[in-house]
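The values are calculated or read from the model by the stated rules, or taken from the named source; none is laboratory data. In this text the structure is predicted, and so the values were computed from the model without any measurement. All Cβ positions, even for glycine, are placed from backbone atoms using ideal geometry, and neighbour counts span all protein chains on display. Only protein heavy atoms, including side chains, enter the accessible area calculation; ligands, DNA and RNA are left aside. Shrake-Rupley method; radii C 1.70, N 1.55, O 1.52, S 1.80 Å.
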Amino acid sequence: MKKISILGSTGSIGTQTLDVVRKNPDKFKVVAISANSSVDLLLEQIIEFKPKYVAVYDEASTKNLKERIPSHINIEVLSGMEGLKTISSLDEIDVLLTAIVGMIGLVPTLCAIRNGKAIALANKETLVTAGKLVMGEAKKYNVDILPVDSEHSAIFQCLNGEKNKNIDKIILTASGGPFRGKSKEELLNVTKNEALKHPNWSMGRKISIDSSTLMNKGLEVIEAKWLFDVDYKDIDVVVHPQSIIHSMVQFNDSSIIAQMGCPDMRLPIQYALTYPDRMLNDFERLDFAKFSKFTFEKPDLETFPCLKLAFDCLKMGGTYCTVLNAANEVLVNEFLEDKIGFYDIPYYIEKTLQAHNSIEDPTLEEILEVDRWAREYVKKSIK
Ligand SMILES: NC(=O)C1=CN([C@@H]2O[C@H](COP(=O)(O)OP(=O)(O)OC[C@H]3O[C@@H](n4cnc5c(N)ncnc54)[C@H](OP(=O)(O)O)[C@@H]3O)[C@@H](O)[C@H]2O)C=CC1
Ligand SMILES: CC(=O)[C@@H](O)[C@H](O)COP(=O)(O)O
Ligand SMILES: [Mn+2]
C-alpha cells in the first residue's frame, strides 16, 4: 500500500490522481490533501478519501473548511505554507505528488526531499525556478524525482534500462497549442477564452495559457535539462499536433525510442506511483487505424517567442530561469484577468530578463529573493 500526500488535490492533476487512487483502493492510500481555497471540493474529497490531514493555503478558506467538516470526521486541518510543508514531510507518507501550480510548490517539495520522501513531480515550475538546487538536494538525500509531466514521463520510460550517457538527444514533442499555424498579426488580439482551448488536453488555466504561447514547451525544456542532466543543445522540440507520441530519445547509435498513448494524464500519474512496476488499467487503448497520419513540424519561434526565451535563459544560466518563471506566472495571471494582451507576455518577460543581474549557483534564499524582485518588476512595468 503506497501512502500518498497530494499538493493541489483539487486541480486537474490532483483530481486525476484521486481517480487513479479511487480505481485502486488496495494499492494506494491518500494520507493528506491540500489546496489554496477550493473548500467545497476539499470537503467532498475528505468525505470520500478520508485523509488524516488537509492543508489549506488561504487563511479564510482554512477557517471556512474547519467550520464545515462534519464532527464525526477525524482530520487535522493545517494552514498556510507551514501546513503545506507539514503534509509534504509526514512520517507516514511514501510519496509526495506535487500537483500544485506555480513556484509556490518549491519550498514544500524541498521539505519533502530533505525528509527522504519520493517526489512524483507534476509541478514543473519548481524545477524551472530552482532545478540545480532541487536536483542537488534529491541526490544528497537519495530521493527519486519521478516525472508526471507527460513528455518527461515518456522520456523516463524511453530511458528505462538505458545508460544516460548514450543519449544523443531528447526530442520533446509539442502539440503546437490552440494557435498552431497562425501568424503574429492574427494573434495580436486573441482572448483568454481562445487561448484556453487546448486541442488535445483538458488542463488547468495556467498551463493551458502556457501551451498557447509555447512557454509550456519552454518550461519543459528546462524541466528536461534538470531531470535528465542533458545540455540544452541536446534538447530538440518538434511539433506533433496529434499528441500521441509524448516524447522521444535518440541514442548515440541513431536509434530513436518513443513513448506513445492516448492523451490521458492518468497514465503518467499512475506510472510515477507504481514505478518501477506497471499496473493493469482500463484506460483507452490506442487504435492506430484511427489515425490517417502522424505529422511533425518545426516550432515557429517568431510567432511564439516564449520558447526561444526559455532556451536563452537555459543558455545564460544563473537565475535567468527563475526570472523567466516568475515573470511568466505574473503575466499569465494578468492575461487571464484581461489586463494585458497575448504578446505582452513575451514582451514583459524579455524586459524583465534584460533588467536582471543574474546570480550563479543561487541559494534557496537568493532564488526566493530573485522571484520576488521579478514579480515586482513586472507589476511595476505593466502599470
Ligand atoms: N493539467 C495537466 O494536464 C498537467 C499539469 N502539469 C503541471 O501540474 C501542475 C498543476 O497543474 P494543473 O493541475 O493543471 O493546475 P490546476 O490549476 O488545475 O490546479 C492547481 C492546484 O494547485 C492548488 N494551488 C494553487 N495555489 C496554491 C497554493 N498557494 N497553495 C496550495 N495549493 C495551491 C489549487 O488549489 P485551488 O483549487 O484551491 O485553487 C489546485 O489544487 C502545474 O505545474 C502544471 O504545469 C503538467 C502536465 C500536465
Ligand atoms: C499533458 C501535458 O503534459 C501538457 O504539458 C501538454 O503536453 C501540453 O501540451 P503542449 O504544451 O504540447 O501543447
Ligand atoms: Mn507536458
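Summary table
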quantity: Among (1) within 13 Å of ligand 3 (Cβ to nearest atom); (2) touching a Ser or Thr at 6+ places or on another chain (Cβ under 6 Å); (3) charged (D, E, K, R), the one test that Glu220 misses; calculated: (2)
quantity: Filter pass, Gly177 being under 18 Å from Lys308 (Cα atoms), within 16 Å of ligand 1 (Cβ to nearest atom), touching a residue at least 24 places away in the same chain (Cβ under 8 Å) and part of a loop (DSSP other than H, G, I, E, B); calculated: yes
quantity: Which numbered condition Lys308 misses (of (1) within 18 Å of Phe179 (Cα to Cα); (2) open to solvent by 10 Å² or more (accessible area, probe 1.4 Å); (3) outside any helix (DSSP H, G or I)); calculated: (3)
quantity: Candidates Ser175, Ser255 - the one that is among the hydroxyl-bearing types (Ser, Thr, Tyr), modelled with pLDDT of 95 or more, more than 9 Å from ligand 2 (Cβ to nearest atom) and out of contact with any Gly (no Cβ under 7 Å at 6 or more places or on another chain); calculated: Ser255
quantity: Residues of the range 139-186 classified as of a type in the set (Ser, Thr, Tyr) and surrounded by 15 or more Cβ atoms within 10 Å (Cβ to Cβ), total; calculated: 4
quantity: Of all residues in the range 94-116 being surrounded by fewer than 24 Cβ atoms within 10 Å (Cβ to Cβ) and closer than 19 Å to Asn142 by Cα, the one that is nearest to ligand 3 (Cβ to nearest atom); calculated: Val95
quantity: Residues that are basic (Lys, Arg), assigned to a helix (DSSP H, G or I) and surrounded by fewer than 16 Cβ atoms within 10 Å (Cβ to Cβ), drawn from the range 352-383; calculated: Arg372, Lys379, Lys380
quantity: Filter result for the condition that a residue is under 27 Å from Tyr347 (Cβ atoms), in contact with a Phe, Trp or Tyr (Cβ under 8 Å, 6 or more places away or on another chain) and not assigned by TED's automatic domain parsing to the domain that holds Val370, over Gly181, Gly131, Gly176; calculated: Gly131
quantity: Hey, Asn189 assigned to a loop (DSSP other than H, G, I, E, B), more than 16 Å from ligand 1 (Cβ to nearest atom) and surrounded by fewer than 20 Cβ atoms within 10 Å (Cβ to Cβ) or not; calculated: yes
quantity: Residue identified as within 16 Å of ligand 1 (Cβ to nearest atom) and touching a residue at least 40 places away in the same chain (Cβ under 8 Å) among Ser183, Ser150, Ser89; calculated: Ser150
quantity: In the range 192-203, the residues that are more than 12 Å from ligand 3 (Cβ to nearest atom), open to solvent by 10 Å² or more (accessible area, probe 1.4 Å) and farther than 14 Å from Ser150 by Cα; calculated: Lys192, Asn193, Glu194, Leu196, Lys197, Pro199
